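The values are calculated or read from the model by the stated rules, or taken from the named source; none is laboratory data. As the structure is a computational prediction, the values presented were derived from the model and not from experiment. Cβ atoms come from the backbone with ideal geometry, glycine included; neighbour counts cover every protein chain shown.
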Amino acid sequence: MFNKRIKIKDVIGLDQELNDITVMGWVRTFRNNQFIALNDGSTNTNLQVVAELGLFEDTLLKRITTSAAIKVTGKLVKSLGKGQNIELKAVSIDILGDSDPEQYPLQPKKHSLEFLREIAHLRFRTNTFGSVFRIRHSLAFAVHKFFHERGFLYLHTPIITASDAEGAGEMFRVSTLPLDNPPKDANGNIDFKEDFFGKATNLTVSGQLEGELGATAFGEIYTFGPTFRAENSNTARHLAEFWMIEPEMAFHDLEDNMNLAEDFIKYIIRFAIEHNLEDLTFLDQRLSDEEKLLPTDKRSEMSLLEKLNFVVDNDFERITYTEAIDILLNSSAYKKKKFQYDVKWGIDMQSEHERYLVEKHFKKPVIVTNYPKEIKAFYMRQNDDGKTVAAMDILAPGIGEIVGGSQREERLPLLTQRMAEMNIPEEELWWYLDTRKYGTVPHAGFGLGFERMVLFVTGMTNIRDVIAFPRTPKSAEF
RNA sequence: UCCUUAGUAGCUCAGUUGGUUAGAGCAUCUGACUGUUAAUCAGAGGGUCACUGGUUCGAGUCCAGUCUGAGGAGCCA
């Protein structure tokens, strides 16, 4: 029954008249008891199906309601009306699934993103979310394509981990022990020897440490998987469950790392522009309609597509942390005391500082390197100045930190010295330290937050709208 | 977690100083119309005013607490 189906995306591309075309999809609107706007998710464009007056029973027409699933066979013809080039003159219409219009929550009108978030199971059926998730798919595909073309090996790092020394935030405990009455040891603490893995385990906050194990055998690897942070973060940029891409490369230094990250970001944006122009154009239009409601000074200087093309066509700005602090100290914002937080060498830059650099000063993505070692992780390579480490963060306009990475400390004595200073027990990471004992090499890597990348490319502003089923504090519906 | 702010019909919102029976547009239903683009026109139905408690003759409106959303901050990707 279904093998004759043609996707609407392919039907729209046909420019000759054809008999016996079969499409299936969900009704978006039914106008004038005659015109069905049909969508099957393959494209943002609806196919206009024409049910000629008198050809169909009233009982059938009554069942063509918003979001009903239908099968239509008919003749593809040039459209008589404006607004579309072709339309499908229906010969037969079958209802595959009814949709009760009294109950169905989506209407053929504009809905708020907040409302759609409450019905995330149905929001894919809107233009906006259709476009967002088709673009998300393309970006995910482009990630694999980019790394595969460059000879990187896709390594699946574990989701359950016993290491709590990664230092990347609060973790979700994984346990099969009874919550109400867990076994206790002699000191009265929970006895994880009794637990499923015989030790305390959590959901991963990063695949990096395992990634380094792969890089020091395969040369270049990447991971792309879910990541979990149990932080009580309530912002438009944070999720408790998100997807992260983490390449690790042997024989790479900080500059190689930056070059790769910049090439990578440009590659996947270019891929989306090439493959999702229709969806990007829709979101571009949506965004500019939204911005018309804002006062002039709050509007973006560039449209979404202009911004994406600008990023692809221009070099990212590269500055050191020390230079960044100097720029801030010499800024009029600092001199006029516009910053809420003070600026001096050694601070962990606040959002307002990063936004000033990216959105006001350079107006393009900025790579900041060589941060003070005190504010960065133990595994970052120590520079010769004794004060900084070979770290790099990429800051994107409107998003903030989109990439965090570094050259890794490959020298065992320096690495263990930093671990001791930061109270990280060596015995928990013996396997990690082994890479520095057996053929250690200079290597580097970074992590890119996939949803933040999708935010940037789609122009959406809340991270909960670019992941299908967002997990955030007090929210795990669907 | 902190600050700010909001919660009234399916959706978006109005609701005056505390005062009779709670309002609009859209959606839905019924009818008309029939080449429409969120169709149009006429009519109808639709409410635990987030929840709990309090003040008052009387609370959508005032007070306290709770829950949830949004904007900003922190943490970070």
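The figures follow:
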item: Checking A:LEU209 against (1) surrounded by fewer than 18 Cβ atoms within 10 Å (Cβ to Cβ); (2) within 16 Å of RNA strand B (Cβ to nearest atom); (3) of a type in the set (A, V, I, L, M, F, W, C), the condition it does not meet; result: (1)
item: Qualifying residue in the stretch A:130-140 (condition: within 18 Å of A:ARG31 (Cβ to Cβ) and either touching a Cys at 6+ places or on another chain (Cβ under 8 Å) or surrounded by fewer than 19 Cβ atoms within 10 Å (Cβ to Cβ) (or both)); result: no
item: Breaking point among (1) farther than 26 Å from A:HIS353 by Cβ; (2) buried (at least 19 other Cβ atoms within 10 Å of the Cβ); (3) free of Cβ contacts under 8 Å to residues at least 60 places away in the same chain, for A:HIS443; result: (3)
item: Options A:GLU317, A:GLU255; residue that is more than 16 Å from RNA strand B (Cβ to nearest atom) and in contact (Cβ under 8 Å) with a residue 40 or more places away in the chain; result: A:GLU317
item: Qualifying residue in the stretch A:103-110 (condition: surrounded by fewer than 18 Cβ atoms within 10 Å (Cβ to Cβ) and farther than 28 Å from A:ALA476 by Cβ); result: yes
item: Of all residues in the stretch A:377-424 being of a type in the set (S, T, N, Q) and buried (at least 20 other Cβ atoms within 10 Å of the Cβ), the one that is nearest to A:MET302 (Cα to Cα); result: A:SER406
item: Output for the stretch A:424-458, where each listed residue is of a type in the set (D, E, K, R) and closer than 30 Å to A:PHE141 by Cβ; result: A:GLU451, A:ARG452
item: All positions within the stretch A:316-339 that are within 29 Å of A:LEU260 (Cβ to Cβ) and not in a loop (DSSP other than H, G, I, E, B); result: A:GLU317, A:ARG318, A:ILE319, A:THR320, A:TYR321, A:THR322, A:GLU323, A:ALA324, A:ILE325, A:ASP326, A:ILE327, A:LEU328
item: Selection count where residues are loosely packed, with under 10 Cβ neighbours inside 10 Å and in contact (Cβ under 8 Å) with a residue 24 or more places away in the chain, scope the stretch A:279-297; result: 0
item: Filtered residue count, the stretch A:414-455, keeping only those that are touching a Gly at 6+ places or on another chain (Cβ under 7 Å) and aromatic (Phe, Trp, Tyr); result: 1
item: Looking only at the stretch A:213-242, and only at residues there that are assigned to a strand (DSSP E or B), out of contact with any Pro (no Cβ under 6 Å at 6 or more places or on another chain) and over 19 Å from A:VAL174 (Cα atoms), the one that is farthest from RNA strand B (Cβ to nearest atom); result: A:GLU220
item: Hits in the stretch A:449-466 (condition: near RNA strand B (Cβ under 9 Å from one of its atoms), aliphatic (A, V, I, L, M) and under 16 Å from A:ALA240 (Cα atoms)); result: A:ILE463
item: Verdict on A:ILE221 being of a type in the set (A, V, I, L, M), within 21 Å of A:PRO158 (Cα to Cα), at pLDDT 95 or above and more than 16 Å from the chain's Cα centre (by Cα); result: yes
item: Subset of the stretch A:212-228 [in contact (Cβ under 8 Å) with a residue 40 or more places away in the chain and surrounded by fewer than 19 Cβ atoms within 10 Å (Cβ to Cβ)]; result: A:LEU213, A:PHE218, A:GLY219, A:GLY225, A:PRO226
item: Single unsatisfied condition, A:ARG229 versus (1) modelled with pLDDT under 95; (2) under 19 Å from A:LEU139 (Cβ atoms); result: (2)
item: Among (1) touching a residue at least 24 places away in the same chain (Cβ under 8 Å); (2) among the acidic types (Asp, Glu); (3) within 30 Å of A:TYR432 (Cα to Cα) - the single one A:GLU87 does not satisfy; result: (3)
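Residues checked against (1) assigned to a loop (DSSP other than H, G, I, E, B); (2) within 13 Å of RNA strand B (Cβ to nearest atom); (3) within 27 Å of A:VAL311 (Cα to Cα); (4) modelled with pLDDT of 95 or more:
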position: A:TYR341; (1), (2), (3), (4): yes, yes, no, no
position: A:VAL358; (1), (2), (3), (4): no, yes, yes, no
position: A:LYS364; (1), (2), (3), (4): yes, no, yes, no
position: A:GLY386; (1), (2), (3), (4): yes, no, no, no
position: A:GLU428; (1), (2), (3), (4): no, no, no, no
position: A:THR440; (1), (2), (3), (4): yes, no, no, yes
position: A:GLY447; (1), (2), (3), (4): no, yes, yes, yes
